[in-house]
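Encoded as structure tokens, the structure appears first; notes follow it.
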Amino acid sequence: MTTKATKATQTPKDPVDAITAQWAEVRPDLDTAPMAVFGRVYRIARAMGDRIEKAYGRFGISRGEFDVLATLRRSGEPYTLSPRQLSATLMLTTGGMTGRLDKLERAGLLSRSPDPHDRRGLRVTLSERGLAIVDEAVAAGLEIQHEALAGLGDEQVEQLQELLRQLLAGSTRP
């Protein structure tokens with residue numbers, strides 16, 4: 001028998017529970033535990049991605065553009081990298097990177113200049129305006145992420161981080 005205390009601590013059923021229950025009805029031979037895990041990971045990623053994209057939009061940038069600005073910001077002063085370094089970090093083709101850089105340069109968030117050590121190369125540098133925007137945008141994105149994790153305790157967040165780290169490591173093996 002379920003007590004009130006137990007009911008209060010149980011997480012309500014979600015759409016993934018409904019999907020796995022349907023599979024259990026029609027294919028009881030299947031172990032749907034992985035479907036439940038990855039279904040939730042996918043739904044969380046999509047929902048959080050949409051919320052963060054909206055937050056970045058307040059600063060006039062998309063999530064992909066934020067990634068470029070954030071990569072430059074994380075590189076430390078003078079916030080300069082080559083397009084090749086940016087492409088490798090963000091796993092983008094050079095064509096995809098060029099489009100983002102063009103848009104961000106037109107918006108005055110970064111600049112491109114010749115590489116003083118390689119006459120064929122370029123350097124991409126975060127502008128002061130770009131620095132200010134990425135700093136505000138990262139804070140806005142983190143606020144949304146903190147809100148999403150607010151129902152978990154510190155130990156649970158650490159445990160979740162470790163479990164996801166292990167899952168990611170296992171899923172990226174060839």
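When all C-alpha to C-alpha distances in segment 85-174 are sorted into bins of 10 Å, what percent of pairs does each bin hold, rounded to whole numbers? Answer for segment 85-174: a P(r) of 13, 27, 28, 25, 7, 0 percent.
Taking the C-alpha atoms only, the angle from helix 128-149 to the longest principal axis of the chain is near 0 degrees. The equivalent ellipsoid that matches the C-alpha gyration tensor of segment 3-101 spans semi-axes of 41, 18, 12 angstrom, in descending order. Between residue 106 and residue 48, the FRET efficiency from the beta-carbon distance, with R0 = 30 Å, is close to 0.55. Please tell me the relative contact order of segment 1-156 in percent, rounded to the nearest whole number, where contacts are Cα pairs under 8 Å and at least six residues apart. So the answer I get is 20 percent. In terms of the mean number of neighbouring beta-carbon atoms within 10 Å, the peptides 63-74, 87-98, 156-167, 132-143 order highest first as 63-74, 132-143, 87-98, 156-167.
Can you tell me, using C-alpha contacts under 8 Å and at least 6 residues apart, the relative contact order of segment 78-174 as a whole percent?
22
Between helix 15-26 and the chain, what is the angle of the helix's C-alpha long axis to the longest principal axis, kept within 0 to 90° and rounded to the nearest 10? So the inclination is approximately 50 degrees.
Here, each number is a calculation from the coordinates, and none is a lab measurement. In this text the structure is predicted, and so the values were computed from the model without any measurement. Using ideal geometry, Cβ is built from the backbone for each residue, glycine included, and neighbour counts are taken over all protein chains shown.
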